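Student: Next up is a structure, given as structure tokens.
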Amino acid sequence: MSRERYDTRSAQHHLIRYQGALGRYFRHQEQDLVLAGLQVRGKRVLDLGCGAGRLAEVLAKMNARVVLACDLSYAMVEAAWSHGAPDCVFHFVCDGKKLPLTDLSIDVAFALGTLEATKDIGPFASEIRRVLCPDGTFVFTVWNRNRWYRLGFLDGRRRGSIDHDADELRQVLKANAFDDVNLRTTLFLPRGLFWVGYRCTRLFLLHEVVVWICNLAASFLRDFKLSGKRGWVLVISAKAAVGVTHVQGNPSG
């Protein structure tokens, strides 16, 4: 998935992903799960791959001290900036593997949906580790190789999406001086099936009901241990190891 693709989709991205019933669906399935129990008040936060800026706005409302929201797409950053972000949010364009930030300058770093087409997470983890303060937190999402369904027409994913294994990601993070690695999954419902149901029921103005049922079902499934590692998105959080010297270029596993 190239920068050009996101440049062309920037005008629609905010409306598709964050408004109305779809907005409630994506917030419940990913954003709310990621932010649950996480404190950002008074902290310096990085939103890597900020897209149209929704997460940065939420972090500002959670009283983050400063939110640095960056994206590889110029058009996405322009779209995010055009929404009128709070004073504590600063948008800029950069490559996630070469952040224009000083060492140990960030308390919490997010990359939600940013690395879904990335095969080698290592260089991103290395760079995030460089800018994180000791005991700082890195939270990101990727596609789960061990999801409970693997049929293409159910997946509903775009070409170029990469699957990742939880144990391999744990090794990559540890190799880049992270510890206290926590892995969860979200979005238990087949994405392709959801989109078919949503678009069909929208014709009859029943899409609000579909979203409500899907969110309720996802919450219900999360309570089952058997489904705990089988969702279609991995949610990973890790702490920057205290007292460990970061060495860039560690193997990615």
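Only the coordinates and a few stated rules stand behind these numbers; no lab work does. These numbers were taken from a predicted model, which means no experiment stands behind them. Virtual Cβ from ideal backbone geometry, glycine too; neighbours counted across all protein chains shown.
Student: Does segment 51-100 come out rounded, prolate or oblate, given a ≥ b ≥ c as the square roots of the eigenvalues of its C-alpha gyration tensor, rounded meaning a/c under 1.5 and, failing that, prolate meaning a/b above b/c?
Tutor: Judged from the Cα gyration tensor, segment 51-100 comes out oblate (a/c at least 1.5, b/c at or above a/b).
Student: List every residue whose amide H lies under 5 Å from the amide H of Cys50, counting only residues 5 or more places away in sequence or on a different chain, with H placed 1.01 Å from N in the peptide plane.
Tutor: Cys70, Asp71
Student: Please pull out the direction-averaged projected area of segment 107-182, using the convex hull of its alpha-carbon atoms, in nm² to one decimal place.
Tutor: Taking the Cα atoms of segment 107-182, their convex hull projects to 5.2 nm² on average.
Student: Now for a separate question. If you average the alpha carbon positions of segment 155-212 and of segment 65-107, how far apart do those two centres end up, in angstrom?
Tutor: 24 Å
Student: Residues of segment 31-59 with the amide nitrogen closer than 16 Å to a label point 7 Å from the Cα of Cys94, along Cα-to-Cβ, please.
Tutor: 44-51
Student: Further question on the same structure: With r defined as the distance between the Cβ atoms of Arg159 and Tyr74 and R0 fixed at 22 Å, what FRET efficiency is calculated, to the nearest 0.05?
Tutor: 0.45
Student: Past the 20 Å Cα-Cα mark, which pairs from Lys98/Lys119; Lys61/Lys174; Lys43/Lys239?
Tutor: Exceeds cut-off: Lys61/Lys174.
Student: Here's something else I'd like to know. Between Cys133 and Arg202, what is the label-point separation in nm under the 7 Å Cα-to-beta-carbon projection?
Tutor: It works out to 4.3 nm between the two label points.
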